[in-house]
Amino acid sequence: MPNVVTYSTIIGYYIIGVPFMILLSYPTGLEVRGIWLGFGIANFSLIMYYTYKYVGVDWNMQIRIIQSKI
């Protein structure tokens with residue numbers, strides 16, 4: 001599980017966020033607002049990924065796995 005979080009954060013912020021920050025801040029002239037918009041886009045992409053990832057989890061099975069470890 002930590003690998004999924006690590007890799008998705010790297011992809012969300014560095015692969016998606018930084019290019020949007022650069023494109024929105026300098027060419028469009030938004031400057032600091034463009035950086036914040038790019039950061040918001042990166043966070044939104046991570047929210048969408050985590051929502052997609054965890055909607056399909058079988059929570060009853062996860063409960064049984066945890067109960068078997070206790």
Check your understanding: Any idea which of 38, 29, 17 is open to solvent by less than 70 Å² (accessible area, probe 1.4 Å) and either in a loop (DSSP other than H, G, I, E, B) or modelled with pLDDT under 90 (or both)?
Key -> 29
Revision key, fill the gap. Residue pairs within 6 Å by beta carbon, gap of at least six or interchain, first lying in the stretch 1-19 and within 18 Å of residue 51 (Cβ to Cβ), second of a type in the set (S, T, N, Q) and open to solvent by less than 60 Å² (accessible area, probe 1.4 Å), listed first then second, are 12/45; 16/45
Revision key, fill the gap. Given (1) surrounded by 14 or more Cβ atoms within 10 Å (Cβ to Cβ); (2) modelled with pLDDT of 95 or more; (3) hydrophobic (A, V, I, L, M, F, W, C), residue 47 misses just (1)
Point to revise | Residue check, residue 35 free of Cβ contacts under 8 Å to residues at least 60 places away in the same chain and either of a type in the set (Ser, Thr, Tyr) or touching a Ser or Thr at 6+ places or on another chain (Cβ under 9 Å) (or both) | key: yes
**Study point:** From 62, 67, residue being polar (S, T, N, Q) and open to solvent by 90 Å² or more (accessible area, probe 1.4 Å)
**Key:** 67
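The values are calculated or read from the model by the stated rules, or taken from the named source; none is laboratory data. Quick caveat: nothing in here was measured; it's all calculated off a predicted structure. Ideal geometry is used to build each Cβ from the backbone, glycine not excepted, and the neighbour counts take in all protein chains shown. We work out accessible area using only protein heavy atoms, side chains counted, and drop any ligands, DNA or RNA first. Shrake-Rupley method; radii C 1.70, N 1.55, O 1.52, S 1.80 Å.
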